[in-house]
Amino acid sequence: MRSFIKKLFVENFSNAALNSMADAALLEFSGKQLAFTTDSYVVKPLEFPGGNIGKLAVCGTVNDLAVMGAKPLALSTGFIIEEGFNIAALERIVLAMAETARAAGVQIVTGDTKVVARGEADGIFINTSGVGVYPLLYDLREKPVVAGDALLVSGTVGDHGIAILGARGNLSFKTSIRSDCAPLNGLIADILIHSSGVKWMRDPTRGGIAAVLTELAEEFKLDLLVREKDLPVRENVRAVCELLGFDPMHLANEGKVVAVVESAEAEKVLKTMRAHELGKEAAIIGHVAAIGTELVRVETEVGGVRRLQRPAGELLPRIC
Amino acid sequence: MKVFDDFRSADVVKRVAEKIARLDLKQPVRLMEVCGGHTAAIYRFALPDLLPANVKLLSGPGCPVCVTANDFVDRAIALSEISGITIATFGDLIRVPGSTRSLADARAQGGDIRVFYSSADALDWARQNSERIVVFLGIGFETTACTVAATLAEAVRTNVRNFRVLSSLKTMPEALRALLGAPGVQVDGLILPGHVCAVTGSNEFDFIPREFHIPCAVSGFEPSDLMESILILCRQIKDGEAKVENQYRRVVHWEGNARAKAVMAEMFEPADMLWRGFGRIPQSGLAIRTQFSDWNAANISVDVEPMREYPGCRCGDVLRGILHPTECPLFGKACSPENPRGACMVSTEGACAAVYHFSPVQRER
């Protein structure tokens with residue numbers, strides 16, 4: 001998928017802001033800098049434990065701005081609605097968007113609605129775009145990642161992925177796992193206020209922290225070492241992963257941030273994360289071992305070391 | 001899950017690793033496992049990294065998807081093109097390449113192909129959709145075969161007439177006999193599949209030390225289980241012994257699960273079976289008994305395209321332990337989990353996919 005995107009879109013639209021393939025583009029405009037991002041939401045089912053497509057559409061775009069170190073200001077939204085879509089469900093989705101935007105301190109300032117004939121869309125699709133001012137506090141790009149820097153995650157991984165799987169009725173058992181879907185700009189502002197040691201952040205959505213860490217290793221040519229035993233995973237998420245053969249590091253999150261932090265500041269950032277409602281289970285999960293090798297290694301629970309790969313293809317359950 | 005924690009203790013694993021190292025075997029030791037669950041666990045926990053350099057772990061024909069021959073996928077695709085037929089399959093099989101297409105391709109072209117987690121779920125779906133003929137694709141070894149047998153027995157008992165099974169179910173003992181007798185195969189010890197043995201009993205494998213003088217350990221699936229099994233095999237090798245030792249005593253009994261064996265014997269009979277990489281192995285498959293032929297999808301007449309392999313694909317050599325996945329010229333280039341050419345790259349239990357996802361690396365010293 002990534003190579004397809006690079007070949008089709010990045011090569012054809014090529015420009016400096018796009019080519020970095022970051023979560024948001026950074027634009028310079030008469031001496032001021034803006035962060036700009038867009039995302040479309042097609043989640044199935046539309047409503048799931050811990051959220052719905054509307055909440056997701058606000059969180060996803062707010063988070064893409066926040067992890068760049070920007071302050072999210074305003075969102076646009078576009079709805080593509082299948083004819084005959086349940087009005088009550090639509091109201092729940094819109095109310096969730098309004099509530100989430102309020103909680104995140106952003107406004108939804110412009111929008112568009114299209115209705116297509118039955119069968120031409122699957123219920124509802126939502127696009128949101130967002131702009132923010134950059135930087136919120138300091139320019140992350142001016143802080144080079146070096147060997148020894150710590151890797152932090154703001155809480156348990158894989159909750160969203162398993163919650164969606166459960167809500168789809170794909171599991172033959174019930175779980176109480178809820179999506180972690182949440183706007184991260186508050187938590188991120190807290191850590192940036194308390195520490196000037198944050199160097200890089202991403203929200204590990206599709207592809208999980210495996211995708212984010214492999215991208216990080218690729219972008220800066222880093223050798224990263226992650227300790228599996230330090231990775232926060234809920235017991236019930238871990239249990240589902242055991243049963244179905246998933247790696248929690250491959251599962252999607254919608255309310256977590258992965259950060260690279262200067263080693264001397266790591267404990268302080270960890271403490272700040274843990275003091276925030278959304279970061280209670282934050283952990284230091286590894287470090288930058290070396291520069292120049294472009295590799296993510298995992299020290300497994302039992303002490304062996306292996307490579308962590310970007311997840312490829314659909315996640316499929318094991319059959320025996 | 002907390003129940004696993006004791007079996008994943010880094011201290012226990014380290015102690016066993018030290019015992020293996022202290023045996024100080026001088027010769028190269030090639031240990032083969034024949035279970036996809038073992039393949040996945042070995043690479044996921046990076047166990048090769050904890051072993052002496054001369055102790056090598058090989059993956060044999062233990063991943064059900066990997067040993068499924070192209071002609072089975074081709075037949076399933078051909079069936080999916082008959083109007084009124086729904087193909088019910090385990091998820092792993094969806095992306096396995098057939099001779100020219102996969103089930104995923106057939107689904108994109110309009111075939112009604114649905115993923116189920118168990119044969120029982122597929123039977124339930126058939127009950128609720130009586131206007132469709134539901135063909136369940138039965139792949140797997142004894143572990144899965146007994147569950148398919150139970151579902152089939154239930155379909156017969158409750159007279160669900162729109163449910164069929166296309167069987168490519170396989171049995172492990174005859175396959176191991178064929179493997180160990182094949183030219184070029186070098187195995188110094190076998191890690192026997194714990195869950196297959198739970199069904200068959202460990203005594204089904206007694207012929208291996210007797211006929212081939214190869215040490216065997218029935219193994220569980222946790223890191224400490226596998227390390228202990230490796231220790232058992234290394235000890236036998238050191239002492240010049242060859243016998244079946246049962247490391248997985250908490251699950252496996254020497255005579256197996258009588259109920260599971262009974263339902264398999266009731267519904268299936270041994271038959272010759274085509275294996276990817278091995279060709280036809282006599283009496284290594286399970287065919288549906290003739291009195292249940294109304295439920296046998298093999299009886300649906302359909303034109304199947306002539307079988308062919310992807311040029312250069314060496315899954316067969318990988319499955320025999322002759323070739324390490326990274327030695328295949330297609331590995332990571334023409335063949336990757338995103339675009340698999342051979343079955344070993346599809347399932348998370350396939351040797352190539354396991355090595356691709358979890359490839360061992362030099363640890364930090």
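For this structure, a couple of remarks:
- Restricting attention to the range B:9-39, the residues that are within 12 Å of chain A (Cβ to nearest Cβ), open to solvent by 10 Å² or more (accessible area, probe 1.4 Å) and touching a residue at least 60 places away in the same chain (Cβ under 8 Å) add up to 6.
- Residue in the range B:303-321 that is within 14 Å of chain A (Cβ to nearest Cβ), β-branched (Val, Ile, Thr) and more than 28 Å from B:Pro183 (Cβ to Cβ) present: no
- Summed over the range B:177-195, residues that are touching a residue at least 40 places away in the same chain (Cβ under 8 Å) and part of a helix (DSSP H, G or I) total 4.
- Scan of the range A:259-282 for residues that are of a type outside the set (Asp, Glu), open to solvent by 10 Å² or more (accessible area, probe 1.4 Å) and over 17 Å from the mean Cα position of the chain (by Cα), ordered by number: A:Ser263, A:Ala264, A:Lys268, A:Leu270, A:Lys271, A:Thr272, A:Arg274, A:Ala275, A:His276, A:Lys280
- Residue within the range B:273-286 that is closer than 27 Å to B:Leu180 by Cβ, of a type in the set (D, E, K, R), in a loop (DSSP other than H, G, I, E, B) and out of contact with any Lys or Arg (no Cβ under 6 Å at 6 or more places or on another chain) present: yes
- Within the range A:22-60, the residues that satisfy the criterion of being in contact (Cβ under 8 Å) with a residue 24 or more places away in the chain and part of a loop (DSSP other than H, G, I, E, B) are A:Ala22, A:Asp23, A:Ala24, A:Val42, A:Val43, A:Lys44, A:Pro45, A:Leu46, A:Pro49, A:Gly50.
- The set of residues in the range A:151-184 that are in contact with a strand residue (DSSP E or B) (Cβ under 6 Å, 6 or more places away or on another chain) and open to solvent by less than 10 Å² (accessible area, probe 1.4 Å) comprises A:Leu151, A:Leu152, A:Val153, A:Ala163, A:Cys181.
- Pick from the range A:76-91, criterion crowded, with 16+ Cβ neighbours inside 10 Å and not hydrophobic (A, V, I, L, M, F, W, C), ranking: farthest from A:Val116 (Cα to Cα): A:Ser76
- The range A:227-320 holds strands (runs of 3 or more DSSP E) entirely within its bounds, and those carrying 2 or more residues that are within 7 Å of another protein chain (Cβ to nearest Cβ) map to A:295-299, A:305-307.
- Residue ranges of strands (runs of 3 or more DSSP E) in the range A:101-158 with at least 3 members free of Cβ contacts under 8 Å to residues at least 40 places away in the same chain and under 16 Å from A:Thr38 (Cα atoms): A:107-116
- Hey, B:Ala198 modelled with pLDDT of 95 or more, assigned by TED's automatic domain parsing to the domain that holds B:Cys35 and small (Gly, Ala, Ser) or not: yes
- Tally of residues being small (Gly, Ala, Ser), open to solvent by 10 Å² or more (accessible area, probe 1.4 Å) and touching a strand residue (DSSP E or B) at 6+ places or on another chain (Cβ under 9 Å) across the range A:190-205: 0
- Residues (touching a strand residue (DSSP E or B) at 6+ places or on another chain (Cβ under 8 Å), surrounded by fewer than 24 Cβ atoms within 10 Å (Cβ to Cβ), within 14 Å of chain A (Cβ to nearest Cβ) and not in a helix (DSSP H, G or I)) located in the range B:44-54: B:Leu51
- When the range B:325-345 is filtered for residues that are more than 12 Å from every other protein chain (Cβ to nearest Cβ), open to solvent by 70 Å² or more (accessible area, probe 1.4 Å) and in a loop (DSSP other than H, G, I, E, B), the ones remaining, listed by number, are B:Pro329, B:Lys333, B:Arg341.
- For the range B:272-295, filtering for residues that are closer than 19 Å to B:Gly60 by Cβ and open to solvent by less than 20 Å² (accessible area, probe 1.4 Å) leaves 5.
- Scanning the range B:230-240 for residues that are within 12 Å of B:Asp188 (Cβ to Cβ) and not polar (S, T, N, Q) gives B:Ile230, B:Leu233, B:Cys234, B:Ile237, B:Lys238, B:Gly240.
- Scan of the range A:105-139 for residues that are open to solvent by less than 10 Å² (accessible area, probe 1.4 Å) and closer than 19 Å to A:Ile191 by Cα, ordered by number: A:Gly132
- Counted as qualifying within the range B:56-173 are the strands (runs of 3 or more DSSP E) with 1 or more residues that are crowded, with 17+ Cβ neighbours inside 10 Å and touching a residue at least 40 places away in the same chain (Cβ under 8 Å), namely B:85-89, B:133-140, B:163-169.
- Of the candidates A:Gly292, A:Gly245, the single residue that is at pLDDT below 90, surrounded by fewer than 18 Cβ atoms within 10 Å (Cβ to Cβ), in contact with a Lys or Arg (Cβ under 7 Å, 6 or more places away or on another chain) and not hydrophobic (A, V, I, L, M, F, W, C) is A:Gly292.
- The selection criterion, being touching a residue at least 40 places away in the same chain (Cβ under 8 Å), within 14 Å of chain A (Cβ to nearest Cβ) and not in a strand (DSSP E or B), holds for B:Val355.
- Under the condition of being within 11 Å of another protein chain (Cβ to nearest Cβ) and of a type in the set (A, V, I, L, M), the residues counted in the range B:74-132 number 6.
- Within the range B:196-223, the set of residues being under 18 Å from the mean Cα position of the chain (by Cα), outside any strand (DSSP E or B) and in contact (Cβ under 8 Å) with a residue 40 or more places away in the chain comprises B:Val196, B:Cys197, B:Ala198, B:Val199, B:Thr200, B:Gly201, B:Ser202, B:Glu204, B:Gly220, B:Phe221, B:Glu222.
- Scanning the range A:10-32 for residues that are closer than 16 Å to A:Ala70 by Cβ and open to solvent by 90 Å² or more (accessible area, probe 1.4 Å) yields A:Glu28, A:Phe29, A:Lys32.
- Restricted to the range A:3-52, and to residues there that are of a type in the set (Phe, Trp, Tyr), over 21 Å from A:Tyr138 (Cβ atoms) and under 23 Å from the mean Cα position of the chain (by Cα), the residue that is modelled with the lowest pLDDT is A:Phe4.
The values are calculated or read from the model by the stated rules, or taken from the named source; none is laboratory data. Just so it is clear, the structure is predicted and the values come from calculations on it, not from any experiment. Using ideal geometry, Cβ is built from the backbone for each residue, glycine included, and neighbour counts are taken over all protein chains shown. SASA here: full protein model, heavy atoms, side chains in, ligands and nucleic acids out. Shrake-Rupley method; radii C 1.70, N 1.55, O 1.52, S 1.80 Å.
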